[in-house]
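Okay, structure first, notes after.
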Amino acid sequence: MYPRPIPDEKPALRGLYTGFVGLILILWLLPLFAVMLTASKTADEIMAGKYWSWPEHFNLIENFQSVFQQTNMWGYFINSLIITLPSVLLVLVFSTLTGYVLARYNFRGNGLLFSLFVGGNFLPAQIMMIPVRDLMVSVGLYDTYFALIIFHVAFQTGFATLFMRNFIAALPDELFQAARAEGASPWQTMRHVVIPLMRPALAALAILIFTFVWNDYFWAIVLTQSDVVKPVTAGLNNLRGEWTSAWNIVAAATLFVAIPPVLMFFLMQKHFIAGLTMGAVKG
């Protein structure tokens, strides 16, 4: 005789929770829906005040064409790629090296050094604005790609080191003891033992850092001035000033800017989830 299933004693609470989650989801997606709706309309509909009505004619393709033909968004897009891709690569390299050393080697000052990496994440960006800008001006890097790349690498490496150090510290000691028994050097151990096991973590970290750098607006306007090096976030601000009445063009450009991080997440979704959950359950 099969045991009876235990009835749900709190259906009202479960229904309340489901309704609350649904409400939060709607509020979260509402701005995105508004942008997509605006990007699909004509300028005449926007000027007529038809903000939330369904588009009379879907004008999304034409609005995207206007973004490329009438604005400099493609140049801003290329600038963001030039800034973001090297920043992500350098952060991954530096954080893997520092995380490996901090996790596997006990030396004097290890805790202090790790605290410095962690503590840097709590500094408000506004406090560093003037010193960082003056530093870039004094070394001749202001309004260049290198200014943003150097700052993003320096600022994101602290968080990435915390991320990588904790993952590497969770790896079994037997792996490192076996590598030493085989005569592997520290570099060979990291290359052949640590990095293959950390690929999901590296993928997750790459998505996070890519999103942080790509969506940065504050430092984009602090460390750049000319359109030659401005990334897409600062370019969108310029677009808003130039096309104040053409909100359909601005909305289409916003969707275009959001494509790379969204595409990267869906392409690496499996690795991203595996990287975030790695080490959550101990066997």
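Miscellaneous remarks
- Choice from 183, 22, 158 showing the highest fluctuation, given a GNM over the chain with Cα pairs closer than 10 Å: 22
- Here the spin labels are modelled as points 7 Å beyond Cα on the Cα-Cβ line, and at residue 259 and residue 17 they lie 4.0 nm apart.
- Estimated D of the chain in µm² per second, where Rh is the Kirkwood radius over Cα pairs and Stokes-Einstein applies at 20 °C, 1.002 mPa s: 95 µm²/s
- Accessible area (Å², per residue) of the stretch 167-246, counting only protein heavy atoms and a probe of 1.4 Å: 49 Å²
- Sum of side-chain charges, residue 191 neighbourhood, beta-carbon under 15 Å (Lys, Arg +1; Asp, Glu -1): +2
- Simple spin-label estimate for residue 218 and residue 266 in nanometres, 7 Å along Cα-Cβ: 3.1 nm
- A dipole drawn for the stretch 88-210 from +1 and -1 charges on Cβ atoms has a positive end, and of 95, 117, 106 the residue lying farthest that way is 106.
- Whole-percent carbon and sulfur share, accessible surface of the chain, 1.4 Å: 69 percent
- For the stretch 80-90, putting each phi into the Karplus relation 6.51 cos²θ - 1.76 cosθ + 1.60 with θ = phi - 60° gives couplings of 5, 5, 4, 7, 6, 4, x, 4, 5, 4, 5 Hz, in residue order, rounded to whole numbers and with x for Gly and Pro.
The values are calculated or read from the model by the stated rules, or taken from the named source; none is laboratory data. Keep in mind the model is a prediction, meaning the values are calculated, not measured. Note that we place each Cβ from the backbone using ideal geometry, even for glycine, and neighbour counts take in every protein chain shown. For accessibility, only protein heavy atoms count, side chains too; no ligands or nucleic acids. Shrake-Rupley method; radii C 1.70, N 1.55, O 1.52, S 1.80 Å.
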